[in-house]
Structure formats: structure tokens, C-alpha cells
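Below you'll find the structure, written out as C-alpha cells, and then a few comments.
The values are calculated or read from the model by the stated rules, or taken from the named source; none is laboratory data. Given the structure is predicted, the values throughout are model-derived calculations rather than measurements. We place every Cβ from the backbone using ideal geometry, glycine too, and count neighbours over all the protein chains shown.
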Amino acid sequence: MAMIPLAVPDLSGNESRYLQECIDTSFVSSVGPFVDRFEQMVAKSTGSTGAVATSSGTTALHLALVTVGVVPGDLVILPSLTFIASANAISHAGASPWLFDVNSESWTLDPGQLETQLALETEFIDGQLTHKSSNRRISAIMPVYTLGLSADMDRIYNIAKTYRIPIVADAAAAIGAKYRDRPIGGLNASMSVLSFNGNKTATSGSGGAIISNDESLLAHAKHLSTTARCGADYSHDQIGYNYRMSNIEAAIGCAQLERIDSLVSAKQKIDKTYREAFCTLRDIEFFPSPDWARSSNWFSGFVLGPTYSDASNFCQRLNDLNIGARPFWKPVHLQSPYVTSVIENMEVTDNLWRHIVTLPCSTGLTKEEQEIVINAVHEVSNQQ
Ligand SMILES: *Cc1c(COP(=O)(O)O)cnc(C)c1O
């Protein structure tokens, strides 16, 4: 039996037709009609004023940080429970992450810890919010929408407003998510970032996007993404980047976004089916679903309780049964490039990350395949 993969794209719509169109019209590079259309579709599906398409989620994060004013030497507040790309984007901007815990209610940036530590560890010096012990300026907060679940953005925004720091949200896998019935484009972040990597709910092959409701920030980001070019005469007014999405990638992205509602509902249905199938599974907990948010359910799975060994062992047993299960992110504060960061108490993250099991959740997962996964999970659980 072939392995049932963790998350692979469903390219059964207009993807191949649009790709052929790129070749037929020779628009294969970083300008083209699909790029413009993709940006409009991203803005519309996230409830944002506009969008800037980029070559990846990581480059979108870097660009958004630079656009809101992060400069070398700064600190950027980040939950440690994230994919390392969030921290890397901060490093690419010459800044360093200030690492926070998540709360157990949502696995997103803990607003309580944020509020307490900002009060204790910072002061305004010459109008700049400064981290006292490192004497570094704090220039952004980057909440992460873990597993497609938004952070508690009203609370985080109130704190950000008090301390006058912009929010750049890492919403990489959160297309389709809602917070208090608002879509992710309407959540008080100066800029939010999506990824369209192959393992996300919608893909463009590789790619990302910045969304915002601030037209001037969007224009600035777009300018920086295209080598800060001022016209056709090779004039450039800043050190820009070559971060644009290509028309080929956007062609795939457009075909995916045409079906975004059905891709998101496929993810949510998979999650619901797993929850129903595993409610009798001993000593596990489901991924959080606080009543203030609706996850896009990018990934599905559960957390193993203390009677199990860790998730890597459980996943290995599932892999032996040809189920593409995987543990989840190793947090940033335990990654060698970041162990010397400014790190807050990590109680929730430390107790959590080794026990998370993610299960096959491709948008094209069939009912029969999900049955096979469910039976295998029961089998492995019974043997442990
Ligand atoms: C996927 C992901 C990224 C990186 O996106 P790429 O397109 O792979 O560069 C960043 N942050 C989070 C939370 C992600 O899930």
C-alpha cells in the first residue's frame, strides 16, 4: 500500500490550463496578468484592501517587517512555537526575535505574558520603546496563527497600541480562518502574511502574499519587492529585493483560489471527522478551538497525554503502517541559531511540542483514506 501523505495539493482545477496559457503568451516571469489577478483574489478572499504577491511566505515576512520599519539591531516579539521561517525573516531584517510563550487556550502568542513582560522589561527612551536589559529597540510584534487559528488579536492590538508597536501577523497557513467572525484581513495587523507553499491549504508551488488595509504600506512593500525600481531607466531609490511572485506561480495560485472555499471546507471537514472518530481515544486532547476563533484547520491531529511516549515514536509507528503522520514544530528557542535570544518562560510550549501528532489532511483526502488513517491510529494507540 502506498503512503498516505501528510498534505499534498489538489491540482485538479484550472491549474494546467492556466500554466499552458503562461507558456502560450510567454508571460512566465515576474510580470503578467495572473500576478495581478492573484493579488486581487488574495485580497478578496481575506477581506483586505490589497495584496502584494511574493516568492514565498518567508520573503513576504521579511518584506513586511522592513516595510513597517524594522531595522538592524531591533527586537521583534515572536511566539517560540512557530515554524523557524518566522524567526529567520526577523534575522533577515537584521533584527532578533524576543521569544514568548503561547497560552494553552489557543497555542498562539500569550497576551497575558506579553502585557506583563512589556511592563516589566521595557521603557520609552527618547520616544523609542526599548528593552531595558539589552538596550534594543522593539519595533514589531509578530503573532503567529498556529495551525490556522488566529491569535487573540483584539487583546494583542490593545497592547500594541499602548506601546505604539506595529503588528505583522504570520498568517502563513490561515487562509479561511475567522476571528470573532472577521476574516484574517480585518484584524488590526499593519500587515499580515500568507504562504502558498505546497503544503498549505492553497498553493502556488512556491509563493506568498502580504495583505493589508493600508494602501501606502502595500505600495511601499510592492516597490521594495521589485528592486525599488523608479521607472524604465534603471533608476532605483532604495536597496530593494527581487521578491516578486512569477506569473507561472500566480497561474497555479489563481486556479487554487477559484476553489478556496471548497479547499478550506475540505480541511474543516477532515478535522471534524477526526474529532468524531477519536473522541473515544484514550488520553489525548484535540487541537485548541477557543470560542473566539474559527480555525482554517490547516493541519489536523491531537496531543498525546502522559501515558504515551512522545509524538515521534507514535508517528513512527503510523509511518510503519504507511500513514504520513508527523510531529509538529520544534520551537524556535530550542533551535541552535536562536538559543541565545531573549527568551521568556516557555512552560506551555515546552510541555506541548513533543506531544503533538499531525495526521494526513490533504484537501483531496478521500473518505476511504481517512478511514485507513483512523483505524491505524486506533491500532497504534491500543499498542501503547
Ligand atoms: C509555511 C510557513 C511559513 C513559511 O512560508 P514559506 O512559503 O514556506 O516560506 C512561515 N510561517 C509559518 C507559520 C508557516 O506555516
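Numerical summary
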quantity: Odd one out for ASN382 among (1) assigned to a helix (DSSP H, G or I); (2) polar (S, T, N, Q); (3) modelled with pLDDT of 95 or more; calculated: (3)
quantity: Candidates LEU81, LEU65, filtered to the one that is part of a loop (DSSP other than H, G, I, E, B), farther than 19 Å from GLY253 by Cβ, in contact with a strand residue (DSSP E or B) (Cβ under 8 Å, 6 or more places away or on another chain) and within 14 Å of the ligand (Cβ to nearest atom); calculated: LEU81
quantity: Subset of region 220-258 (residues that are among the hydroxyl-bearing types (Ser, Thr, Tyr), crowded, with 20+ Cβ neighbours inside 10 Å and not in a loop (DSSP other than H, G, I, E, B)); calculated: SER225
quantity: Any pair with Cβ under 7 angstrom, 6 or more apart, that starts in region 169-188 at a residue that is more than 13 Å from SER296 (Cβ to Cβ) and within 16 Å of the ligand (Cβ to nearest atom) and ends at one that is assigned to a strand (DSSP E or B) and of a type in the set (Ser, Thr, Tyr); calculated: ALA169/SER192; LEU187/TYR179
quantity: Breaking point among (1) within 13 Å of the ligand (Cβ to nearest atom); (2) surrounded by fewer than 23 Cβ atoms within 10 Å (Cβ to Cβ); (3) not small (Gly, Ala, Ser), for PRO111; calculated: (1)
quantity: Within region 189-205, considering residues that are more than 14 Å from the chain's Cα centre (by Cα) and touching a residue at least 60 places away in the same chain (Cβ under 8 Å), the one nearest to the ligand (Cβ to nearest atom); calculated: SER204
quantity: Qualifying residue in region 225-242 (condition: over 29 Å from GLN20 (Cα atoms) and within 16 Å of the ligand (Cβ to nearest atom)); calculated: no
quantity: Filtered residue count, region 268-282, keeping only those that are of a type outside the set (Asp, Glu), part of a helix (DSSP H, G or I) and within 12 Å of LEU359 (Cβ to Cβ); calculated: 5
quantity: From ALA89, ALA93, ALA53, residue being within 16 Å of the ligand (Cβ to nearest atom) and touching a Gly at 6+ places or on another chain (Cβ under 8 Å); calculated: ALA53
quantity: Residues (surrounded by fewer than 21 Cβ atoms within 10 Å (Cβ to Cβ) and closer than 22 Å to VAL8 by Cα) located in region 330-360; calculated: LYS330
